[in-house]
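Engineer: Please see the structure below; I have some questions.
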Amino acid sequence: MKLGSGLLRPRWLIALGAVVIAGGLIAALYGRDADRGARAQRGSAVAAGARAREAVLTVTAAELRPVEVARSITINGALFAWQDVVIAPEVGGYRVAEVKVDVGDHVKRGQALVELSTALLDAEVATKQATLAQRDAQLVNDAAALERGESLKGMNLISQADYDKLKSAALASRAGVESARADLQSSTLRLKFTNVTAPDDGVITSRTVTVGQIAQAGGEMLRLLRNGRIEWRGEVPEARLAELKQGQRVAITTADGAVFNGTIRVVAPTIQAGNRTGLVYVDLPPNDQLRPGMFARGEIEVTRAMAFTVPLQSVVNADGYSYVFVLKPDSTVERRRVETAGVRDSEIEVTSGIETGDMIVGKGAGFLKDGDLVNVSSEAGS
């Protein structure tokens, strides 16, 4: 039994060994799970970081280069007739017999526009012609009497007083003839004035005369847009007048969007005290679309210079300031504050904040914030 007892260990030792072995197995299993969890956490963090650096938007960008831009003044104004001629008769008291034109008619210089009744003047002219003939006859008699008186005076057969009477009568008859002739010419001229004609080429813009009315000397019958010529008059701020001169080109835009090219004819030499502006007069080509009284905006080019322009969609307004986004080499964007000037078509001039070679974001700029990672489209920025 000793031998058997020596070979066999007590039960408590066997139980203790089993506990130790089980603890080791549990520790090994737990350590493996903890390591697996740590690796999973590290993987999640890496994935989150990767997701954080994903591009937020696909944008377009274009390299900034200076371009030549026109500096201009934009002002408001209206269209006027170059010369609005009032057509009126030079004689009055006669009935209007015929009106030969209407509003919108194009007329030529000397063309008959209105005819007055000539019945009374025809009779007057006939009377003046008869008076002239009578005075001519009287002159012939008095001249013959004077001639005889001169012969008798040479023979001392009449007195000086009688001779003087003959001479006075002849002179009076001659004056009477001149007066009658002047009266006849006046009546003939008045008869001619019953035919109211166009003083120049142009377009009839107004008509107030009707057949049958009694014409008044100097009373308006028609208005004529002389030579069909229209001009634009704009009000220029006092400080900008010095930049304008005769011959400069002006783009006139009417309310319907039509554009017409004109030329400065004259810059007014005075300033309107009420609003401190001066008028500029711009000649425009004849066109049926242009009518006096129309509102129009004028853009006058004053200088040309090199400047930066970017698409309108590149400029983002925030907090009362203007910004653009500049693409960096690492595909992130930098927000820059800029100063802007005039808008030209779909471009806006930028006067500060950017420089040559900057890659300016175009499409998509309105959705970005400073530091965003972006994809750049192969489409050209515009």
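The values are calculated or read from the model by the stated rules, or taken from the named source; none is laboratory data. What you see is a predicted model; the values in this text were computed from it and never measured. Cβ placement follows ideal geometry from the backbone for every residue including glycine, while neighbour counts extend to all protein chains displayed.
Engineer: How many of the residues in the range 81-128 are in a loop (DSSP other than H, G, I, E, B), in contact (Cβ under 8 Å) with a residue 40 or more places away in the chain and of a type in the set (Lys, Arg)?
Structural biologist: Total satisfying the criteria: 2.
Engineer: Okay, moving on. If ALA217 satisfies all but one of (1) closer than 30 Å to GLY93 by Cβ; (2) in contact with a His (Cβ under 8 Å, 6 or more places away or on another chain); (3) small (Gly, Ala, Ser), what's the number of the condition it fails?
Structural biologist: Failed condition: (2).
Engineer: Kindly indicate the residue of the range 330-374 that is touching a Leu at 6+ places or on another chain (Cβ under 7 Å) and among the polar types (S, T, N, Q) and also surrounded by the most Cβ atoms within 10 Å (Cβ to Cβ) among those meeting that condition.
Structural biologist: Looking at the filtered set, the residue picked out is THR332.
Engineer: Shifting gears a bit: How about the range 221-292: which strands (runs of 3 or more DSSP E) wholly inside it have at least 1 residues that are more than 25 Å from ALA198 (Cβ to Cβ) and polar (S, T, N, Q)? Before you say what the answer is, go through the steps one by one.
Structural biologist: Numbers: elements: 222-226, 230-237, 249-254, 259-267, 277-284.
Qualifying strands (runs of 3 or more DSSP E): 249-254, 259-267, 277-284.
Engineer: Another one. Restricting attention to the range 323-366, report how many residues are within 36 Å of the chain's Cα centre (by Cα), in contact (Cβ under 8 Å) with a residue 40 or more places away in the chain and not in a loop (DSSP other than H, G, I, E, B).
Structural biologist: So the answer is 12.
Engineer: A further question follows. Would you point out the residue of the range 95-122, among those that are among the hydrophobic types (A, V, I, L, M, F, W, C) and either surrounded by fewer than 17 Cβ atoms within 10 Å (Cβ to Cβ) or touching a Phe, Trp or Tyr at 6+ places or on another chain (Cβ under 9 Å) (or both), that is nearest to LEU166 (Cα to Cα)?
Structural biologist: Result: LEU121.
Engineer: ARG297 - would you say it is charged (D, E, K, R), in contact (Cβ under 8 Å) with a residue 12 or more places away in the chain and within 24 Å of ALA251 (Cβ to Cβ)?
Structural biologist: Answer is yes for this residue.
Engineer: Determine which single condition VAL125 fails, assuming it passes every other condition in (1) of a type in the set (A, V, I, L, M); (2) surrounded by 15 or more Cβ atoms within 10 Å (Cβ to Cβ); (3) modelled with pLDDT under 90.
Structural biologist: (3)
Engineer: Another question, then. Look through the range 77-94, keep the residues that are farther than 13 Å from ARG233 by Cβ and among the small types (Gly, Ala, Ser), and return whichever of them is surrounded by the fewest Cβ atoms within 10 Å (Cβ to Cβ).
Structural biologist: Of everything passing the filter in the range 77-94, GLY93 is surrounded by the fewest Cβ atoms within 10 Å (Cβ to Cβ).
Engineer: Quickly run through the range 153-163 and pick out the residues that are surrounded by 13 or more Cβ atoms within 10 Å (Cβ to Cβ) and assigned to a helix (DSSP H, G or I).
Structural biologist: Hits for the range 153-163 are LYS153, ASP162, TYR163.
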